[in-house]
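Q: I'd like to ask some things about the structure below.
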Amino acid sequence: MAATRLIALHKNKGKSVAACLKSRTDYAKNPDKTNRGELVSSYECSPLTADEEFMLSKRQYELATGRRQKNDVIAYQIRQSFRPGEITAEEANKVGYELAMRFTKGKYAFIVATHTDREHIHNHIIYNSTALDSTRKFRDFLLSGLAVQRLSDLICLEHQLSVIEIKPYRERQKRTLYPPKESNRDRLCSVIDSILAQKSKDYEDFLQKLEQQGYDVKRGKYTSVKGARQKRFIRFRTLGAGYSEEELKAVLAGEAEHRPHQKQPPKEKQFNLLVDVQAKLAEGKSGDYARWAKKYNLKEMSKTLIFLQEKKIGSIEEMQERVDAATAHYHELGDSIKEAETRMAEIAILRTHIVNYAKTRSVYDAYRKAGYSKRFLESHRAEITLHKAAKAAFDEANLKKLPKVKELDAEYSKLLTEKKASYPDYRKAKDEMQELLRAQRNVELFFAEEKSNTEKTKSR
């Protein structure tokens with residue numbers, strides 16, 4: 001298993017190109033890491049004088065082409081790491097040499113240094129950015145790093161070495177899991193819970209204790225507070241059930257019981273789509289992947305069956321009916337939201353035209369009285385253009401009587417309220433539809449795989 005990476009080596013600030021090349025090659029050739037230099041190989045240069053030969057080709061490039069190097073890239077390095085215990089240092093050096101030769105196509109001088117100072121054997125391949133004939137430079141093309149990885153994997157397979165199998169994004173796991181960050185609202189709710197537990201005298205005493213905890217309190221119609229590192233104030237009534245001014249006053253007066261804030265964990269998918277094992281094998285996936293996929297499918301299928309039991313779905317026909325109903329409900333809610341949005345956009349445009357029409361009416365009347373004078377038009381072109389555009393919009397909409405702006409504002413506000421109110425149902429319908437579709441797909445894939453296995457058994 002080789003982990004491969006392509007790195008551009010840049011000139012360090014305050015150091016010459018020659019000094020930078022020497023320090024990079026000296027590190028690669030470190031005798032303590034390369035078994036006293038026995039694990040260093042090279043192409044078209046000597047390992048002892050590789051930096052000087054790289055530098056000579058750069059000077060010849062300047063003389064031959066008359067061009068000076070514009071960027072600060074002086075060489076390139078390929079790092080190739082192998083799985084512990086899978087390969088010997090000598091074989092690793094040969095694999096690295098083959099990788100460098102095939103990637104550079106023999107047009108660039110390079111050294112291959114195999115390090116054994118770590119648990120995993122790894123190669124440092126450094127090749128010159130200037131070609132052997134000193135007529136061109138190596139250009140780091142798009143996705144060159146991916147090309148090196150693919151070539152390295154191919155060479156490893158030829159040498160019967162394992163390769164890193166890239167998993168789909170949804171199957172990857174985070175290497176480091178960090179605890180969830182507490183939000184400002186969750187922290188404020190915790191502070192309020194602790195103060196309420198101390199039995200404050202009244203609401204004002206409660207606010208004073210909150211100030212002692214480092215919060216700025218803004219008193220008024222709606223009480224709001226701000227912590228030390230917060231940018232904005234938070235109103236009590238936006239914290240959820242049990243934290244509005246009225247509810248807090250009732251708790252302090254002994255008229256109601258306070259329930260501490262319970263942080264809701266993020267909702268996870270009940271189950272995921274099954275992996276089509278046969279399709280993955282046809283794509284060239286290994287047997288290890290097939291074994292992992294089968295275990296994964298068993299777990300996800302068990303979750304799917306639990307979901308079907310909870311939804312009381314007992315047949316394929318019933319499943320299809322539920323899917324169709326959920327899909328229809330989802331699209332119905334979506335269409336109603338789109339209709340509201342379309343009408344709101346129409347109202348906004350119409351309102352703008354009405355306002356512009358009223359503002360420019362006197363100017364257009366004067367323009368008409370002036371006999372549609374060109375001089376008057378040039379002086380008031382903006383107002384007249386807005387008036388004409390508004391009149392054209394009214395004619396297109398077949399409006400014989402213009403609606404009042406207040407009526408349009410009221411209709412817009414009503415549609416906006418209805419739209420906001422329908423969004424929770426829309427999201428819920430979407431989640432239900434997606435869950436049913438995933439379950440249906442899993443059932444179909446499961447039975448298809450079972451049928452395939454049965455047919456294979458019969459053919460034997």
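Q: Computed FRET efficiency, Cβ-Cβ of residue 35 and residue 131, R0 45 Å: what is it to the nearest 0.05? The partial results should precede the final answer.
A: Numbers: r = 31 Å, r/R0 = 0.69.
With a Förster radius of 45 Å, E is 0.90.
Q: Given axes a ≥ b ≥ c from the Cα gyration tensor, I'd like to know whether the stretch 184-252 is rounded (a/c under 1.5), prolate (a/b larger than b/c) or oblate.
A: Details: a/c = 1.42, a/b = 1.26, b/c = 1.12.
Taking the square roots of the gyration eigenvalues as a ≥ b ≥ c, the stretch 184-252 is rounded.
Q: Right, here's the next one. Placing +1 on the Cβ of each Lys and Arg and -1 on the Cβ of each Asp and Glu in the chain, which of 243, 208, 279 has its Cα farthest towards the positive end of the resulting dipole?
A: 208
Q: Let me ask something else. How high is the FRET efficiency from residue 349 to residue 246, r the C-beta distance, R0 35 Å, rounded to 0.05?
A: On the way: r = 41 Å, r/R0 = 1.18.
FRET efficiency, residue 349 to residue 246: 0.25.
Q: If the only charges are +1 at each Lys and Arg Cβ and -1 at each Asp and Glu Cβ, what is the size of the charge dipole of the stretch 32-129 around the Cα centre, to the nearest 20 debye?
A: Numbers: 14 positive and 14 negative charges, 113 e Å.
Roughly 540 debye, rounded to the nearest 20.
Q: D for the stretch 2-164, whole µm²/s, Stokes-Einstein with Kirkwood Rh over alpha-carbon pairs at 37 °C and 0.692 mPa s: what number?
A: Values: Rh = 16.0 Å.
Approximately 205 µm²/s, per Stokes-Einstein.
Q: Let me ask you something else. Tell me the angle of helix 287-310 to the major Cα principal axis of the chain, expressed in degrees between 0 and 90 and rounded to the nearest ten.
A: Taking the Cα atoms of the chain, the angle to 287-310 is about 20 degrees.
Q: Using the Cβ atoms and a cut-off under 15 Å, what net charge is assigned to the surroundings of residue 74, where Lys and Arg are +1 and Asp and Glu are -1? It would help to have the intermediate numbers written out before the result.
A: Numbers: positive: 11, 13, 15, 22, 24, 58, 59, 68, 70, 137, 139; negative: 26, 51, 52, 53, 62, 72, 140.
Charge balance near residue 74 sits at +4.
Q: Next question, about the same structure. Can you put 330, 203, 423 in order of Cβ neighbours within 10 angstrom, beginning with the fewest? Working shown, then result.
A: Numbers: 330 20, 203 16, 423 11.
Fewest-to-most ranking of 330, 203, 423: 423, 203, 330.
Q: Can you give me the Cα centroid spacing of the stretch 390-411 and the stretch 313-370 in angstrom?
A: 16
Q: Distance between Cα centroids, the stretch 414-453 to the stretch 117-169: provide it in whole Å.
A: Distance between centres, Cα-based: 44 Å.
Q: Of the cross-linked pairs 11/58; 29/58; 338/400; 181/430, which ones have a Cα-Cα span greater than 19 Å in the structure shown? Show your work: numbers first, answer last.
A: Details: 11/58 14 Å; 29/58 21 Å; 338/400 27 Å; 181/430 28 Å.
Correct reply: 29/58; 338/400; 181/430.
Q: How high is the FRET efficiency from residue 331 to residue 358, r the C-beta distance, R0 41 Å, rounded to 0.05?
A: Working: r = 40 Å, r/R0 = 0.99.
Calculated value: 0.50.
Q: Ranking request for peptides 435-448, 207-220: highest mean number of other beta-carbon atoms within 10 Å first, then the rest in descending order. If you can, show how the numbers build up before the last one.
A: Working: 435-448: 17.1, 207-220: 13.6.
Top to bottom by mean Cβ count within 10 Å: 435-448, 207-220.
Q: Give me 205, 365 ranked fewest to most by other Cβ atoms within 10 Å of their Cβ, as a rough exposure proxy. Before the final figure, lay out the partial values.
A: Values: 205 14, 365 11.
Least to most surrounded, the residues fall as 365, 205.
Q: Classify the stretch 116-167 as rounded, prolate or oblate, taking a ≥ b ≥ c as the square roots of the eigenvalues of its Cα gyration tensor: rounded when a/c is under 1.5, otherwise prolate if a/b is larger than b/c and oblate if not. Intermediate results must be reported in sequence, preceding the final value.
A: Details: a/c = 2.42, a/b = 1.62, b/c = 1.50.
Prolate.
Q: Whole angstrom only: what separates the Cα centroid of the stretch 10-45 from the Cα centroid of the stretch 175-238?
A: If you average the Cα positions of each part, the centres end up 59 Å apart.
Q: Which whole-number percent of Cα pairs in the stretch 318-445 have a distance greater than 21 Å? Show your work: numbers first, answer last.
A: Details: 4915 of 8128 pairs.
Within the stretch 318-445, distances greater than 21 Å cover 60 percent of Cα pairs.
Q: In the calculated pair distance distribution of the stretch 10-61, what percentage of Cα-Cα distances lie above 13 Å? Mind showing how you got there, number by number?
A: Values: 798 of 1326 pairs.
Of all Cα-Cα distances in the stretch 10-61, 60 percent exceed 13 Å.
Q: Residue by residue through the stretch 373-382, which ³J(HN,Hα) values in whole Hz follow from phi under the Karplus form 6.51 cos²θ - 1.76 cosθ + 1.60 (θ = phi - 60°), with glycine and proline marked x?
A: 5, 5, 5, 5, 4, 5, 7, 10, 4, 4
Q: Now, a different point. Only one of the listed values, (i) 21.9; (ii) 31.6; (iii) 23.5, was derived from the coordinates as Kirkwood radius over Cα pairs in Å; which label is it?
A: Among (i) 21.9; (ii) 31.6; (iii) 23.5, the one calculated here is (ii).
Q: For a footprinting-style exposure proxy, rank 374, 419 by other Cβ within 10 Å, fewest first.
A: Values: 374 9, 419 18.
Ordered from fewest to most neighbouring Cβ atoms within 10 Å, 374, 419 come out as 374, 419.
Q: Can you tell which of 372, 326, 344 lies farthest toward the positive end of the dipole of the stretch 318-445, using +1 and -1 charges on the Cβ of basic and acidic side chains (Lys, Arg; Asp, Glu)?
A: Sorting the options by dipole projection puts first 372.
Read-outs: derived from the displayed coordinates by stated rules, not from any lab. Computed from a predicted model, the values in this text were never measured in an experiment. For neighbour counting, all protein chains shown are included, and Cβ atoms are generated from backbone atoms with ideal geometry for every residue, glycine included.
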